[in-house]
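To start, the structure under review is shown below, and the notes come after it.
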Amino acid sequence: QVQLVESGGGLVQPGGSLRLSCAASGSSISNYAMGWYRQAPGKQRESVARIVYNGVTNYANFVKGRFTISRDNAKNTVYLQMNSLRPEDTAVYYCKSGNSNTFGSLETGGYWGQGTQVTVSS
């Protein structure tokens, strides 16, 4: 079993930046895909960015060019660098571990973190 704890959320003005961290414990994430998801008020949870064990990434269209997902397997941590933030980015952001080393595994199983709130407002 892996436990995931997100941090780094907060209030930021439009155009600002935040860096989210997802610290894993209980199991190594080195061989597994990881992802960031978000859920805005009144909306369903949606995929934001994903990264497999060797660093290959995939992004949702609405964050391409603005967000960057990365991982540090030695620290058992995955990050989401968010730049050029917009009010519509306001959501609770969740970290998820897959059950294999593929993007698809994130959609079929794994573990969720508790989420961290990101609010983009002036």
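No lab work stands behind these numbers, since they all come straight from the coordinates. Note that the structure is a prediction, hence the values are computed from the model and not measured. Cβ coordinates were reconstructed from backbone atoms using ideal geometry, including for glycine residues, and neighbour counts include every protein chain displayed.
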Viscosity 0.692 mPa s, temperature 37 °C, Stokes-Einstein D of the chain from Kirkwood C-alpha radius, µm²/s: 233 µm²/s
All aspartates and glutamates inside 20 Å of Lys43 as judged from Cα atoms, apart from same-chain residues fewer than 8 positions distant: Glu88, Asp89, Glu107
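Taking segment 1-77, which trypsin sites (Lys or Arg not before Pro) meet the DSSP loop condition and have no more than 10 other C-beta atoms within 10 Å?
Values: sites: Arg19, Arg38, Lys43, Arg45, Arg50, Lys64, Arg66, Arg71, Lys75; in loops: Lys43, Arg45, Lys64, Arg66.
Passing both the DSSP loop test and the Cβ count: Lys43, Lys64.
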Surface/4 of the Cα convex hull for segment 61-115, nm²: 4.6 nm²
Potential extension, Lys75-Glu107 segment - 0.36 nm per residue separation minus Cα distance: 9.1 nm
Relative contact order (%) - the chain, alpha-carbon pairs under 8 angstrom, separation at least six: 36 percent
Counted charge near Ala23, where neighbours are those whose Cβ lies closer than 12 Å (Asp, Glu -1; Lys, Arg +1): 0
